[in-house]
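The values are calculated or read from the model by the stated rules, or taken from the named source; none is laboratory data. Just so we're clear, the structure is a prediction, and the values are computed from it rather than from any experiment. Here the Cβ positions follow ideal geometry from the backbone for every residue, glycine too, while neighbour counts run over all protein chains shown. Side chains included, ligands, DNA and RNA excluded: accessible areas come from the protein's heavy atoms. Shrake-Rupley method; radii C 1.70, N 1.55, O 1.52, S 1.80 Å.
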Amino acid sequence: MSTRVVIVGNGIVGLATAFQLRRNGHEVIVVDRGPVDEGTSTGNAGGVAGADFLPIPEPGLWKRVPGYLLDPLGPLTIRWRDLPSLTPWLYRFLRACRPAAHARGIDAMGTLLGTALDAHLDMIGEAGLRHMLNPVGALFVYRSDAARAREDEGWAHRARHGVEFETLDRQGVLAREPALGPEAHCGYFVPGWAHYRNPRELVTALAAHLAGKGVEFRTHEVAGFEVGPEGPTALRLKDADNLPFDHLVVAAGAWSARLSALLGDPFPLVADRGYNTTLPTPGVALNGMITFAEDSFVVTPMSIGLRVGGAVELARPETPPNYERSKALVRLARRYLPDLDTTGGTEWMGWRPGTPDSVPVISRSSRHGNVFYVFGHGHLGLTGSPVSGRLIADMIAGRTPNIDMAPYRIDRYR
């Protein structure tokens, strides 16, 4: 039955959810405090990375964390003045490093993202945006055989979840990407990987397609919710009249937990802040996306240049960015790509919504039957967006999702 669904959040997860709901015949209104072309989804690394599903918390990680934190420009850092507010989240993160919890996270993410590429092809095919995606596979690169061997268990988990990959020696790496220097000793090639030529172009074009299909976009800041005897009935907006709905979807990225708490569903979420630099004239030609596993960063060839990004910085969303992290990533890239031209780069920082176990929330509210949540994908928001949106559409329609939804519940930490 067609109903009015209001989605809070116009990032890629909100847009993909709107796509699925409109396809089902619902009236859809997307509300966000900013325009579509300014959100975090416009600046991501562009990868449809179904093979990159291993949770960040893993057994033994706690031993490496002190070393990471002592390096202010390393792969993981914490803004120390934000530590008091982050402590409850960090406690749950460390608990997620236990072997049993890690195994549950692997299964949850491997199941969720196993059909990610097919879901993207379905969405962009219907939207006429197929030309924006390059399904050319991707490389994982290591500096030594020993470094690659240390991740054997992770690659075994990938194989168990159906990920295909090819083992490469130095010659094999160069055959795939001749621009790589001697630091790239060995690696893997993953054929079931794709990347978008420009994430900003994707979200703006997808929003335009949705608008053409009748999805309404409004720019407002949400102040709260009107709640009647049967549950929430409308958004309270700071600068406009209340916006009534039949169903509500919260897909507001790193700000989602603030809204879910107002609805009686508190959830531990942090701003997992990622940095990148886009080099307009990189001077090197790459065929596909490359992950430099030991240094925790990626490079993606795009229509606007070469994007160099990665790292995890935990902080409150309002904490100012530290663009020295972007510069550090470019210096790392130069080690692997000796001919890289690093001039004229545009630095960027985005607020990725991070859950303690790296598993997103895709859930009906624990308190209200007409409220749904889809957030917390971390660095895999683009990858998981059409799959997650389809699951929300199934729940709103009363269809039974094709996977067990228990791992993604909003109340799993209560």
**OP:** Please report, ordered by residue number, the strands (runs of 3 or more DSSP E) entirely within the range 251-347 with at least 3 residues that are among the hydrophobic types (A, V, I, L, M, F, W, C) and modelled with pLDDT of 95 or more.
**Re:** 289-292, 297-302
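Could you please give the count of residues in the range 28-64 that are closer than 20 Å to residue 103 by Cα and either at pLDDT below 90 or under 22 Å from the mean Cα position of the chain (by Cα) (or both)?
15
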**OP:** State which residue pairs qualify: first residue in contact (Cβ under 8 Å) with a residue 24 or more places away in the chain and inside the range 194-215, second residue in a loop (DSSP other than H, G, I, E, B) and open to solvent by less than 20 Å² (accessible area, probe 1.4 Å) in any location, beta carbons under 6 Å apart, and separation of 6 or more residues or different chains.
**Re:** 195/46; 196/46; 199/46; 205/129
**OP:** Only residues in the range 108-120 that are over 12 Å from residue 388 (Cα atoms) and among the hydrophobic types (A, V, I, L, M, F, W, C) count as the first member; pair them with residues that are in a helix (DSSP H, G or I) and open to solvent by less than 10 Å² (accessible area, probe 1.4 Å), Cβ under 9 angstrom, at least 6 apart or cross-chain, and list the lot.
**Re:** 108/408; 117/383
Subject >> Matching residues, the range 331-358, being open to solvent by 20 Å² or more (accessible area, probe 1.4 Å), touching a Gly at 6+ places or on another chain (Cβ under 7 Å) and over 24 Å from residue 81 (Cα atoms) >> reply: 338, 339, 341
**OP:** Filter the range 357-414 for residues that are under 15 Å from residue 268 (Cβ atoms), in a helix (DSSP H, G or I) and small (Gly, Ala, Ser) and give the result.
**Re:** 378
**OP:** Restricting attention to the range 383-410, report how many residues are among the hydrophobic types (A, V, I, L, M, F, W, C) and open to solvent by 10 Å² or more (accessible area, probe 1.4 Å).
**Re:** 6
Original post:
So which residues in the range 201-252 are within 14 Å of residue 263 (Cα to Cα) and acidic (Asp, Glu)?
Top reply: 226, 230
